Amino acid sequence: MTGAQDDGTVLRVEGLSVSYGAVQALRGASLIARRSEVIGIVGESGCGKSTLASALIGLPAPGARMRGQVEIGGRDIVAAPERARRAMRGAAVAMIFQDPMTSFNPVLTLGQQLTDFQHRSALPRRARRARAAAMLARVGLPDPELALDRHIHELSGGMRQRAAIAAALLMQPQLLVADEPTTALDVTMEAQIIHLLRELRHEHQGAIVVITHHLGVIGELCDRVYVMYAGEIVEEGTTDEIYHDPRHPYTQALIACDPAHIAGTVDRLPTIPDRVPDLDPPPPGCSFAPRCPVAMARCRTDAPPRVTVGPGHAAACHRVTP
Amino acid sequence: MSLFELHEVGVDIPLARGITAALGGHEPRVLNILDGITLDLHAGETLGLVGESGSGKTTLARAMLGLRAARGQMRFQGQPLVRAVLRRATAMMFQDPVASLSPRMRVGDAVCEPYVIQRIPRSRRRSAADLLDSVGLPPSLAALYPHELSGGQARRVCAARALALNPALVIADEPTAGLDVSIQGDILNLMADLKRERGIGLMIITHNLPVIRHSAERIAVLYLGRLVETGPTPEVFARPAHPYTASLIASQPNPDPRKRRADLAIRGEVPSLLRRPPGCPFHTRCPVARDICARVPPPEIHVSATRRVRCHFPLIQPDRNGPQGGQ
């Protein structure tokens, strides 16, 4: 756990843009995550969440162009050559993917993979295997010694995701990125994984970034939230501020649409008309303007300013006043 | 009259010999998926069928539509099931909308295919544009292939195809899975409209409880192939009778950080169907289980005129004015 800066900042993303040819998937994203903090990135499909996740681990899709900085423990993974990026993955940053089935090799046992993941460790092989077993026990796999001899298909969905979390934490990374960690799971398993991540945040001294479209996961797990729309961060604040005092019309609409948010029953569920715009190129002005119920003429021509509404709470909108 | 009635319905699948042998020969030759399912569905009503993966939700839907052999009695529109009737008067919206559309067939042909299969005379067919319009899609979509559709559009195309024959019963398997919240409401509102306007009986299969809370009048909860609770949705959500239903509701992540849950409502995983627990199948995870639960399968209790629960120790007491027993 060395390398974190004095103010506890583990992750600092500054003006990050990623484009695929003419598609500007991510535009000028800036965010930070501090030690022992869980931050949430929320938005719908096509908002650039996964592009951001792949940039955080220095693994952009082939053909992607990255600009800006992604500093993990003070080292910029964007500027680093591939060799240095590889050294950072695992030790500085690790990722939990949505589908644990495809994040393990199907023909190797869990034990083989979890010991291989420690290839930079000085420990002898037997000690690495013991560490792997201890980590599996920590994430709640019953009979971890037996699990080491299993292949990933032999585990249930919930157990696979636990194994993926164990794999990500093996090298004690400063930053853990979880991309839709519970989307593939039943609600009871989802609750258990949320519970596990909550426990781990206290033990694990790093920062956790959770990327999800599910507001329930944000509400249960995150300290602060960044709301993304069409490749931009449109609002940021504490989870409480975002849920109880959302300022950006997109954040307000997103919360209003969540059936879990609506008390009682309604005759018609609210929706956001139309769809996320194409990003090749993105619309001029505010990208949410075409769907926004309170858009003005200015919103369609001028990019919205980032308005600070409180310490740590800001929204990019012409309508928002401090 | 009920649109669809099920009485003591069960589904077993034979196990391949190899698997049976590998398990040591003590395992049953057939695997019991569903048993003792008694349920009815009315015209113009939405029934929400909930349960975790492997609880038998999809198997039950397939059995109802004659796509899987089943024990027990089922009646559709008061008559025993006849395959030809079912295929004309019922429709299913499958879980993966893109996978359930042929990749080589244009949307227009796909939504009109039921007419071809059922040899409906041309005079009684609706046009593709008309069908697409009834689910809120532009006629230009008819010329596209499924891979050119968004997730929400593909769902609507499947709805249009399901409605082509003007069915009396539509079963929708996870109709909102994989959809963003902003369009989830769109699909559910559409289905609610169709139900209201045409009096269709609708069964929505999902593990998403908030969806059920807003779209179904009644709810049926499955656990490991047993119906553990049925009743009107608002009552079940307000006062669940089965500990499993209560745990499911409590497991739902809350978007409000001020209502964060401190503890876990339910531990462990759904047991394998090959190792079905004796007695009540939920006793291994149940917070209120006692000795009897591990030995004796619980009887079905009517807790009120409209609510049934299968539990030795239900969380609410039977209504004294309502019908008693059921054992």
Over the Cα atoms of the range A:212-283, each weighted equally, I'd like the Debye log10 I(q)/I(0) at q = 0.20 Å⁻¹, rounded to two decimals. -0.93
At B:Ala143 and B:Val30, where each label point lies 7 Å from the Cα along Cα→Cβ, what is the point-to-point distance in nanometres? 5.3 nm
Only bridges with both residues in chain A count here: give the DSSP antiparallel percent, nearest 5. 60 percent
Buried by partner chains in the range A:188-213 (accessible area down by at least 20 Å² vs chain alone, 1.4 Å probe, heavy atoms, protein only) are A:Thr188, A:Met189, A:Ala191, A:Gln192, A:His195, A:Arg198, A:His213
On average, how much accessible surface per residue is there in the range B:97-214, in Å², for a 1.4 Å probe, leaving out ligands, DNA and RNA? 39 Å²
Using a 1.4 angstrom probe on the protein heavy atoms only, line up B:Lys57, B:Lys259 by accessible area, largest first. B:Lys259, B:Lys57
With each pseudo-label sitting 7 Å past Cα toward Cβ, what's the B:Leu274-B:Arg68 distance in nm, one decimal? 1.8 nm
I'd like the distance between the alpha-carbon centres of the range B:119-136 and the range B:201-227, rounded to an integer number of Å. 30 Å
To the nearest 10 Å², what's B:Ser134's accessible area with a 1.4 Å probe? 30 Å²
Tell me the net charge near B:Asp12. Cut-off is 10 Å between Cβ atoms, B:Asp12 excluded, with +1 for each Lys or Arg and -1 for each Asp or Glu. +1
Leaving out ligands and nucleic acids, note down the accessible area per residue over chain A with a 1.4 angstrom probe, in whole Å². 41 Å²
Return the carbon/sulfur percentage of the accessible area of the range A:239-284, one whole number, probe 1.4 Å, all protein chains in place. 50 percent
Pull up all non-local amide H partners of B:Cys311: gap of 5 or more, or a different chain, and H-to-H distance under 5 Å with H placed in the peptide plane. B:Ile301
Quick check: Cα centre of the range A:203-235 to Cα centre of the range A:123-160, how many Å? 28 Å
Sorted from largest to smallest, which semi-axis lengths in Å does the alpha carbon gyration tensor of the protein assembly as shown give for its equivalent ellipsoid, taking the root of 5 times each eigenvalue? 42, 33, 24
Would you compute the Debye intensity of the range A:107-172 from its alpha-carbon atoms alone, equal scatterers and no solvent, and pass along log10 I(q)/I(0) at q = 0.26, 0.27, 0.28, 0.29 Å⁻¹ to two decimals? -1.16, -1.25, -1.34, -1.43
Beta bridges by DSSP in the protein assembly as shown, antiparallel share as percent, to the nearest 5: 60 percent
Rounded to whole Hz and in sequence order, give me ³J(HN,Hα) for the range B:71-87 from the Karplus expression 6.51 cos²θ - 1.76 cosθ + 1.60, θ = phi - 60°, writing x for Gly and Pro. 8, x, 10, 10, 10, 10, 6, x, 10, x, 5, 10, 4, 5, 5, 4, 5
Whose amide H sits under 5 Å from the amide H of B:Leu49, counting only residues 5 or more places off or on another chain, with H placed in the peptide plane? B:Ile204, B:Ile205, B:Thr206, B:Ala220
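Based on DSSP, what percent of beta bridges with both residues in the range B:134-266 are antiparallel, to the nearest 5?
Antiparallel: roughly 55 percent of the beta bridges in the range B:134-266.
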Area accessible to solvent at A:His195, 1.4 Å probe radius, in Å²: 40 Å²
Per the 1/(1 + (r/R0)^6) rule, R0 = 56 Å and r from the Cβ atoms of A:Leu108 and A:Glu14, FRET efficiency to 0.05 is 0.90
Computing the accessible area with a 1.4 Å probe over protein heavy atoms, can you report the carbon and sulfur percentage for the range B:237-327? 52 percent
Roughly how crowded by other chains is peptide A:267-277, in terms of the mean Cβ count from those chains within 10 Å of each of its Cβ atoms? 5
Per GNM of chain A with C-alpha springs under 10 angstrom, the most fluctuating residue out of A:Ile96, A:Ile272, A:Ile41 is A:Ile272
Based only on Cα atoms, what Rg/Rh ratio does the range B:237-327 have, Rh being taken as Kirkwood's radius? 1.02
Under the Karplus relation 6.51 cos²θ - 1.76 cosθ + 1.60, θ = phi - 60°, what is the ordered set of whole-Hz ³J(HN,Hα) values for the range B:119-128, x standing for Gly and Pro? 6, 7, x, 4, 5, 9, 8, 9, 6, 4
Name the residues of the range B:168-206, by number, that are at least 30 Å² less accessible with every protein chain in place than in the isolated chain; the surface is that of heavy atoms, probe 1.4 Å, without ligands or nucleic acids. B:Asp180, B:Val181, B:Ser182, B:Asn189, B:Arg196
Chain B, helix-only ellipticity at 222 nm - DSSP H runs n ≥ 4, -39,500 (n - 2.57), divided by all residues, nearest 500: -8500 deg cm²/dmol
Pseudo-spin-label distance A:Arg306 to A:Val294, built 7 Å along Cα→Cβ, given in nm, is 2.1 nm
For A:Leu26, distant residues with modelled amide H under 5 Å away: A:Val18
Where A:Asp76, A:Asp245 fall by accessible area, highest first, once all protein chains stay in place (1.4 Å): A:Asp245, A:Asp76
Kindly identify residues of the range B:253-270 having a loss of at least 50 Å² in accessible area between the isolated chain and the assembly of all protein chains, probe radius 1.4 Å. B:Pro253, B:Pro255, B:Pro257, B:Arg258, B:Arg260, B:Leu264, B:Glu269
Quick check for you: with a 1.4 Å probe and neighbouring chains kept, what is the accessible area per residue of the range B:237-327, in Å²? 53 Å²
Buried accessible area, chains B and A (both chains, 1.4 Å probe, Å² to nearest 100): 3700 Å²
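The values are calculated or read from the model by the stated rules, or taken from the named source; none is laboratory data. Being a predicted model, the structure only gives us computed values, none of them experimental. So basically every Cβ, Gly included, is an ideal-geometry build from the backbone, and we count neighbours across all protein chains shown. Remember, those area values only see protein heavy atoms, side chains included, never the ligands or the DNA or RNA. Shrake-Rupley method; radii C 1.70, N 1.55, O 1.52, S 1.80 Å.
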